[in-house]
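Participant: My questions all concern the structure below.
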């Protein structure tokens, strides 16, 4: 099931890039990010209430709150950078560079989460990095 959800994420991320590139024309990147964020917030809270998960709000640990807040700040910074890059650059070049997050995530997962770095994951990182360079140059 995780694979299909991840694939859905990739498809929606691709749509996000194309729709954003079209929609950001004549709109400040920060304003565009704010509009997108409001939509995401409404959608996320809607899903919380639809699935009746709001009752778990009070049982979240301090550690989870801290890391979820830090993750939110990182997401916000990522979106601000992404929208500005998308506004001034070509989507076909911005998106591959943005997807270097895969390589960075694998390295951070190895360093901080002590996840296994296999020959396959190293080869994948190298190929993603090389593919990104190929697409951008």
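All of the numbers you see were taken from the coordinates with simple rules; none came from a lab. Everything quoted here is computed from the prediction, not taken from an experiment. Neighbour counts are summed over all protein chains in view; Cβ atoms, including those assigned to glycine, are modelled from backbone coordinates with ideal geometry.
Participant: How far is the Cα center of segment 96-136 from the Cα center of segment 1-73, in Å?
Facilitator: 23 Å
Participant: Report the FRET efficiency, 1/(1 + (r/R0)^6), for residue 27 and residue 73, where r is their Cβ-Cβ distance and R0 is 25 Å, rounded to 0.05.
Facilitator: It comes to 0.60.
Participant: Along Cα→Cβ, 7 Å out, is where each label goes; now give me the distance between the ones at residue 50 and residue 97 in nm to one decimal.
Facilitator: In this crude spin-label approximation the distance works out to 3.5 nm.
Participant: Once the Cβ-Cβ distance between residue 35 and residue 11 is put in as r, and R0 is 25 Å, what FRET efficiency do you end up with, to the nearest 0.05?
Facilitator: Efficiency at R0 = 25 Å is approximately 0.70.
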